[in-house]
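To keep things clear, I will list the structure first and then write my remarks on it.
The values are calculated or read from the model by the stated rules, or taken from the named source; none is laboratory data. Small disclaimer: the values here were computed from a predicted structure and weren't measured. Reconstructed Cβ throughout: ideal geometry from the backbone, glycine too, with neighbour counts over all protein chains shown. Surface accessibility is based on the protein's heavy atoms, side chains included, excluding ligands, DNA and RNA. Shrake-Rupley method; radii C 1.70, N 1.55, O 1.52, S 1.80 Å.
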Amino acid sequence: MTIPQPSPTQREVFFEDHEIIVSKTDPKGRITYANDVFQRVAGYTEAELIGQPHNLIRHPDMPAAVFKLLWDTVIDGREIFAYVKNMTRKGDHYWVFAHVTPSYDENGKHFGYHSNRRVPGRDAIEQVTPPYQTLRSIELKAANPKDGTQAAFDQLVTLLSEQQTGYSRFVFQLSEETRLSHALR
């Protein structure tokens with residue numbers, strides 16, 4: 001069953017600070033589990049989600065370069081944290097602070113991926129949005145999507161290198177700045 005992609009509405013939806021969106025996928029990124037919070041926020045039933053590619057909820061504002069980094073990292077067997085703007089069935093959007101890890105069985109055989117997503121701080125979203133917009137702009141200017149993703153990925157790597165940091169450290173710095181900002185208010 002192919003589910004049609006909606007057009008973005010520019011309306012944001014939210015979930016509660018105490019809630020966690022959880023999903024699991026097979027090695028190809030097809031959803032094998034979606035908790036009730038995921039279903040409610042994204043606006044899909046469990047039956048509609050199971051077997052679908054996880055990018056079903058990808059918002060077109062999200063740079064493909066961030067997903068390239070995410071996939072490169074988890075395929076390499078490492079965890080990653082990322083801020084992600086997702087899209088609901090109706091075209092609304094919601095931001096998450098995602099933690100994605102590879103999943104292994106008791107014999108150490110890789111069988112998929114697990115993601116927990118929490119409510120991100122608004123300050124962090126405000127800080128990550130401009131670089132994401134820049135990366136997405138680079139992607140859209142390219143002659144084709146593959147070249148655009150690579151050009152934006154190269155730019156992302158360069159920016160992180162110039163700041164002498166990795167993506168996860170960059171993400172955690174935003175999280176820490178958000179916590180400090182809230183503590184000082």
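Some notes on this structure:
- LYS141 vs. criteria modelled with pLDDT of 95 or more, of a type in the set (D, E, K, R) and surrounded by fewer than 18 Cβ atoms within 10 Å (Cβ to Cβ): yes
- Pair list, Cβ under 6 Å, 6 or more apart: the stretch 139-165 residue touching a residue at least 12 places away in the same chain (Cβ under 8 Å) and more than 17 Å from LEU70 (Cβ to Cβ), other residue of a type in the set (Val, Ile, Thr) and open to solvent by less than 80 Å² (accessible area, probe 1.4 Å): ALA151/ILE138
- Failed item, numbered, when GLY148 is tested on (1) open to solvent by less than 20 Å² (accessible area, probe 1.4 Å); (2) at pLDDT below 95: (2)
- Taking the stretch 135-158 as the range and being under 19 Å from the mean Cα position of the chain (by Cα) and polar (S, T, N, Q) as the test, the residues that pass are SER137, THR149, GLN150, GLN155.
- Qualifying positions in the stretch 80-124 - on the phi > 0 side of the Ramachandran plot and modelled with pLDDT under 95: GLY108
- Only one of ASP36, ASP61 that is of a type in the set (Asp, Glu) and over 21 Å from VAL157 (Cα atoms): ASP36
- Contact map, the stretch 118-131: first residue within 25 Å of GLN155 (Cα to Cα), second residue buried (at least 18 other Cβ atoms within 10 Å of the Cβ) and of a type in the set (A, V, I, L, M, F, W, C), Cβ cut-off under 6 Å, separation 6 or more or different chains; pairs are PRO120/TRP95; PRO120/PHE97; ALA124/LEU174; ILE125/TRP95; GLN127/LEU174.
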